[in-house]
Amino acid sequence: MRVPFIDLKRSIEPVREQILADWTRCLDHTEFVSGPTVQKLEKELGRVLEAEHAVACANGTDALIIGLQALGVKAGMRVAVPNMTFWAPFEAIAQIGAEPVLVDINPDDLQMDFEEFKRGHEKYRFGAAILVHLLGWTSTRLGDFRKYCKEEGIHLLEDGAQSYGVRYHGESVYTGAEVSTISFYPAKVLGAAGDAGAMFTPNPKLAEVIRALGNHGRAGHYTYDYVGWNSRMGGIQASFLLRMLEQIDAMIDSRLQAEAYYKEFFDAYPQYGRVYTAPEGITGNGYLSVIQSHKVSGDDLAARLRDAGIGCARTYPQTLCEQGPSQGCLRTSDLQHSQRFSRMVINLPLFAGITREECEASAQALLQAFEAL
Ligand SMILES: Cc1ncc(COP(=O)(O)O)c(C=O)c1O
């Protein structure tokens, strides 16, 4: 049996006709940049993610750049970022001329390590930090991060690109953040039909600044309060996302069932690896199947899985400190936990609509790879 790593068509199929009708309406009304459907989406996102103000934008990377700028992050400021994450947070910091400082992950929850973050601040005096809610959950120390950053005057931007639906002690992760972001890249838990993103804040003044920054810093049509960006969404993406939102609970449920299957399966083989899921107190969204191999490298496992017809990924095969542009960056330790995890991680197929048979075939193939190597 061949299993794809991801199959987006399965979430599109149930709402395909409605999407086509919506897109026809967008064409008829030339709703290409901003407009009423984007406004409707912002309202709906604010409601479901329990965030007071939501502002749509062009992608999750722009959301980070705009978020940093809205929080007052300036060129030269030191900004902490976890060493294990997608490259975009590093880019966002660098693009506004600030200085990324790499912080290791905690090996238990795989998120930026709070104790190391504090030590790093004592040494380097962070002006800001990007806390990434990574892999489908968030830090068990999220409350401590927020409190500490407030006390120390560190601007905290929360990257929720991967965390649609994640809850921390019962509360949406987007609720308690001063500014947070999301990505609607198609493979995300809530994905668009192209690139798209959004920013959230409970602060109405910040929401205005964020909205202006994503629209050329505009005050009026040809008057400007800021040097901003062009990062707007149009009706095509907004209407697609609204259709996906109609079925998002079932989509997340399907992801969580697959995640639970893999966990139960591999918990019986602790000698081979560890399956990570949301830690206690956190509700995960099943974004990825996260398996850390104990002995065999993730690359070797991935090669075997591919030979067996099982799609897989390695999120992330290398950390930020191993990339060319990050050489010479400040770091708060030897970053060993993130680098070790990256060498050993393997992700099995996991997407909305994956079948039980596909999960079984994927798990069996990985077990065979463990046994053979
Ligand atoms: C943690 C994280 N931050 C930021 C981004 C950037 O989002 P986008 O691809 O929408 O620009 C992504 C994903 O793509 C991500 O996973």
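Restricting attention to region 322-349, the residues that are within 23 Å of the chain's Cα centre (by Cα) and either on the phi > 0 side of the Ramachandran plot or open to solvent by less than 10 Å² (accessible area, probe 1.4 Å) (or both) add up to 10.
In region 182-214, the qualifying residues are those that are over 15 Å from residue 61 (Cα atoms), open to solvent by less than 70 Å² (accessible area, probe 1.4 Å) and not in a loop (DSSP other than H, G, I, E, B), and the one that is nearest to the ligand (Cβ to nearest atom) is 201.
A single member of 168, 174 is within 30 Å of residue 196 (Cβ to Cβ), within 16 Å of the ligand (Cβ to nearest atom) and among the aromatic types (Phe, Trp, Tyr), and it is 174.
Would you be able to say whether some residue in region 270-277 is under 21 Å from the mean Cα position of the chain (by Cα) and on the phi > 0 side of the Ramachandran plot? Explain how you work it out, then say what you get.
Going through region 270-277, the residues under 21 Å from the mean Cα position of the chain (by Cα) turn out to be 275-277.
After this cut, where a residue has to be on the phi > 0 side of the Ramachandran plot as well, the list is none.
The answer is no, given that none of the residues of region 270-277 is under 21 Å from the mean Cα position of the chain (by Cα) and on the phi > 0 side of the Ramachandran plot.
Just checking, does region 122-139 include any residue being more than 16 Å from the ligand (Cβ to nearest atom), outside any helix (DSSP H, G or I) and in contact with an Asp or Glu (Cβ under 7 Å, 6 or more places away or on another chain)? The answer is no; no qualifying residue exists.
Taken over region 11-40, the criterion of being part of a helix (DSSP H, G or I), among the acidic types (Asp, Glu) and in contact with a Gly (Cβ under 9 Å, 6 or more places away or on another chain) is satisfied by 13, 22.
Yes/no per residue for (1) among the charged types (D, E, K, R); (2) within 24 Å of residue 241 (Cα to Cα):
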{"position": "136", "(1), (2)": "no, yes"}
{"position": "165", "(1), (2)": "no, yes"}
{"position": "177", "(1), (2)": "no, yes"}
{"position": "186", "(1), (2)": "no, yes"}
{"position": "194", "(1), (2)": "no, yes"}
{"position": "197", "(1), (2)": "no, yes"}
{"position": "202", "(1), (2)": "no, yes"}
{"position": "205", "(1), (2)": "yes, no"}
{"position": "211", "(1), (2)": "yes, yes"}
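Checked against the criteria, residue 204 counts as at pLDDT 95 or above and closer than 16 Å to residue 71 by Cα.
For region 135-153, what are the residues that are open to solvent by 10 Å² or more (accessible area, probe 1.4 Å) and either among the acidic types (Asp, Glu) or without any contact (Cβ under 8 Å) to a residue 40 or more places away in the chain (or both)?
Restricting attention to region 135-153, the residues satisfying the condition of being open to solvent by 10 Å² or more (accessible area, probe 1.4 Å) are 140-141, 143-144, 146-148, 150-153.
Hits for region 135-153 are 141, 143, 144, 146, 147, 148, 150, 151, 152, 153.
Close Cβ contacts (under 8 Å, 6 or more residues apart or on different chains) running from residues in region 49-60 that are farther than 10 Å from residue 199 by Cα to residues that are part of a strand (DSSP E or B) and β-branched (Val, Ile, Thr) comprise 49/182; 52/201. Taking the stated definitions as given, is residue 372 in contact (Cβ under 8 Å) with a residue 12 or more places away in the chain and either within 25 Å of residue 11 (Cβ to Cβ) or touching a helix residue (DSSP H, G or I) at 6+ places or on another chain (Cβ under 6 Å) (or both)? Against the criterion (in contact (Cβ under 8 Å) with a residue 12 or more places away in the chain and either within 25 Å of residue 11 (Cβ to Cβ) or touching a helix residue (DSSP H, G or I) at 6+ places or on another chain (Cβ under 6 Å) (or both)), residue 372 does not qualify. Scanning region 41-89 for residues that are within 15 Å of the ligand (Cβ to nearest atom), buried (at least 24 other Cβ atoms within 10 Å of the Cβ) and assigned to a loop (DSSP other than H, G, I, E, B) yields 83, 84, 85.
Residues of region 238-258 that are open to solvent by less than 20 Å² (accessible area, probe 1.4 Å) and farther than 30 Å from residue 37 by Cα: 258 alone.
Checked against the criteria, residue 15 does not count as within 16 Å of the ligand (Cβ to nearest atom), surrounded by 14 or more Cβ atoms within 10 Å (Cβ to Cβ) and touching a residue at least 40 places away in the same chain (Cβ under 8 Å).
Looking at region 78-100, can you tell me whether even one residue there is in contact with a His (Cβ under 9 Å, 6 or more places away or on another chain), in contact (Cβ under 8 Å) with a residue 12 or more places away in the chain, over 29 Å from residue 245 (Cβ atoms) and among the acidic types (Asp, Glu)? No, region 78-100 contains no residue that is in contact with a His (Cβ under 9 Å, 6 or more places away or on another chain), in contact (Cβ under 8 Å) with a residue 12 or more places away in the chain, over 29 Å from residue 245 (Cβ atoms) and among the acidic types (Asp, Glu).
With the requirement that a residue be surrounded by fewer than 24 Cβ atoms within 10 Å (Cβ to Cβ) and within 26 Å of residue 98 (Cα to Cα), what does region 155-176 give you? Across region 155-176, the qualifying residues are 155, 156, 176.
The values are calculated or read from the model by the stated rules, or taken from the named source; none is laboratory data. In this text the structure is predicted, and so the values were computed from the model without any measurement. Every residue, glycine as well, gets a Cβ built from its backbone with ideal geometry; the counts of neighbours run over all protein chains shown. Keep in mind that these areas ignore ligands, DNA and RNA; they rest on the heavy atoms of the full protein, side chains included. Shrake-Rupley method; radii C 1.70, N 1.55, O 1.52, S 1.80 Å.
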